[in-house]
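Below: one structure, written as structure tokens.
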């Protein structure tokens, strides 16, 4: 199920979006959906990494230990 939202963007950004959509033969909506999905995935990965970094109980290993454990 899809829902509609309304946002305001600068004209310059809208122009770039329209140019890219035209170049790729896709709609504004499909590009915006893809961008939001990508952003959410990347941001969730960032939050997970930050949580792990700040976890005092999580063991930190060196890159050489990682390579050795992977047999590289």
Which residue pairs have Cβ atoms under 6 Å apart, sit 6 or more places apart or on different chains, and have a first residue in the range 23-37 that is in contact (Cβ under 8 Å) with a residue 12 or more places away in the chain and a second that is surrounded by 11 or more Cβ atoms within 10 Å (Cβ to Cβ)? 31/21
Could you tell me whether residue 48 is in a helix (DSSP H, G or I), exposed (fewer than 10 other Cβ atoms within 10 Å of the Cβ) and out of contact with any helix residue (DSSP H, G or I) (no Cβ under 9 Å at 6 or more places or on another chain)? no
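We did not get these values from a lab; they are worked out from the coordinates using the rules stated. As the structure is a computational prediction, the values presented were derived from the model and not from experiment. Cβ sites come from the backbone with ideal geometry, for glycine too, and all protein chains shown count toward neighbours.
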